[in-house]
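In what follows, a single structure is set out as structure tokens and then discussed.
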Amino acid sequence: MANDKVQIFDTTLRDGEQVPGCKLSTKEKLIIAERLDILGVDVIEAGFPVSSPGDFNSVQEIAKLVKNASVCGLTRAVKKDIEVAAQALQHAKHPRIHTGIGTSDSHIKYKFNSSPDKIIERAIGAVSYAKSFVNDIEFYAEDAGRTDNEFLAKVLEAVIKAGATVLNIPDTTGYCLPDEYGAKMKYLKENVKGIDNVILSCHCHNDLGLATSNSIAGVINGARQIECTINGIGERAGNTALEEVVMILNQRQDLNLTTGVNTKLLYDTSIMVREKMGMPVQPNKAIVGANAFAHSSGIHQDGVIKNRETYEIMNPLDVGVNESAIVLTARSGRAALAYRSKKIGYELTKEQLDVAYTNFLTVADIQKEVHDQDIHEIMKKINLTAASIA
Ligand code: KIV
Ligand code: ZN
């Protein structure tokens, strides 16, 4: 069966950049946008043009620069926002306006002090108005995760009629469980007239650590776009991490889903974003963390040295990491010490390895990690040099 393509909508420069401390200059945004285009994402959400003159300028420059991806600008369901976004996107090869409104009871009551019928009216108005500027209109039903499915279906049916081409179902507060989010997509697929002519999109936040799982549940149930950010940066606990969903679809061929992302650029892109935003990534972060391909326990190291696949489900080269790392600690065994020693020039006999290993454990118990320089010291102490290879 041919794989179905899932569009990757990157919002690093909008949902990601709005995080305190992640602010970027226009120049930095242009460098990242160019990289995202090369990476192969389908849509780049470049910003929220009405929010500031600086953001307007960034969206405008990104729109001029990007060659392949659609360039998208966020708006509220407000005429002025839509006009400004349309102006900022004027030079984009493939412009998209992303407009919408809150649809949950809490948003309708507390944010808008409004009624369900009035929300539908505003949603239709925003989509129709945006459609007078560009053809590609994405509608977001903010807080869709906590919106009643029947009402959500009603809103979506109305905006499809008004011209929406993509329907974004944000779990704005990161509240949904994967089976709930998946069931929501299934319900919409089965109950919204015209749904087969538009793309359903997942936009998940990570408040309960479920953003990636929810996005995958979404595409399993019919969504064909995932909104995500590099390194999962975004409001509060962040957004779905691009590198995670791309590698899940890449590794789990049984899902019959694919993306257009060049996975070999994932690691470098992650480094670029953390450096430009000054936002480090936790070492145990999936795919791009410093320890994602590092093995430190003796049992795992022994397995990986014999055959990488014993403890790795991905080839590090596939995400742009040069090789798996064997980290030497007090939990490492003889196999790891012999492997590392050989790499730096010491091919040890069994007897030499026994002596070296005893010395190694003494050092490892004092230090968190044993480095190549420490191994050289150990070898010197037991009268071995790289030249006196066994
Ligand atoms: O999380 C959210 O609901 C959003 C929308 C503005 C798309 O970011
Ligand atoms: Zn969001």
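Just so it is clear, none of the values below were taken in a lab; they were calculated from the coordinates. Everything quoted here is computed from the prediction, not taken from an experiment. Neighbour counts are summed over all protein chains in view; Cβ atoms, including those assigned to glycine, are modelled from backbone coordinates with ideal geometry.
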Taking the beta-carbon count within 10 Å as an exposure proxy, list ASP105, ASP81 from fewest neighbours to most.
ASP105, ASP81
Rounded to the nearest 0.05, what FRET efficiency do ALA294 and GLU377 give with R0 = 25 Å and r taken as the Cβ-Cβ distance? Could you check?
0.65
Sum of -39500 (n - 2.57) over DSSP H runs of 4+, divided by residues of the chain (222 nm, nearest 500):
-12500 deg cm²/dmol
For segment 146-236, what is Rg from Cα atoms divided by 2.2 N^0.38 Å, rounded to two decimals?
1.03
To the nearest 0.05, what FRET efficiency results for ASP148 and LEU361 with a Förster distance of 51 Å applied to their C-beta separation?
0.25
Restricting to DSSP loop positions (anything but H, G, I, E, B) with no more than 11 other Cβ atoms inside 10 Å of their own Cβ, which trypsin sites (Lys or Arg not before Pro) remain in segment 1-105?
LYS67
Stokes-Einstein D for segment 344-390, Kirkwood Rh over Cα pairs, 4 °C, 1.567 mPa s (µm²/s):
120 µm²/s
Output needed for segment 61-201: three equivalent-ellipsoid semi-axes, defined as square roots of 5 times the C-alpha gyration tensor eigenvalues, in descending order, whole Å.
25, 17, 14
Most exposed first by the Cβ proxy, i.e. fewest other Cβ within 10 Å, how do ILE366, ILE160, ILE271, ILE82 rank?
ILE366, ILE271, ILE160, ILE82
Just flag the GluC sites (Glu not before Pro) in segment 284-334 sitting in loop per DSSP whose Cβ has no more than 15 other Cβ atoms within 10 Å.
GLU323
Mean shadow of segment 68-112, computed from the convex hull of its alpha carbons, in nm²?
3.5 nm²
Once the Cα gyration tensor of segment 294-381 is found, what semi-axes does its equivalent ellipsoid get, as square roots of 5 times the eigenvalues, in whole Å, sorted largest first?
23, 13, 12
Return the Rg/Rh ratio of the chain with Cα-based radii and a Kirkwood Rh.
1.10
Can you compute the modelled spin-label distance between GLU121 and LYS23, with each label point 7 Å from Cα toward Cβ, in nm?
3.9 nm
Most exposed first by the Cβ proxy, i.e. fewest other Cβ within 10 Å, how do CYS228, CYS176, CYS22 rank?
CYS22, CYS176, CYS228
Estimated dipole of segment 45-187 in Debye, rounded to 20 [Cβ of Lys and Arg +1, of Asp and Glu -1, Cα centre]
420 debye
19 Å reach of a label modelled at THR258, 7 Å along Cα-to-Cβ, counting backbone N of segment 207-235
219-220, 222-226
Relative frequency of Cα-Cα separations exceeding 18 Å in segment 39-110, percent
38 percent
Please compute the Cα-Cα pair-distance distribution of segment 1-81 with 5 Å bins starting at 0, giving whole percents from short to long.
3, 16, 26, 24, 15, 8, 3, 2, 1, 0
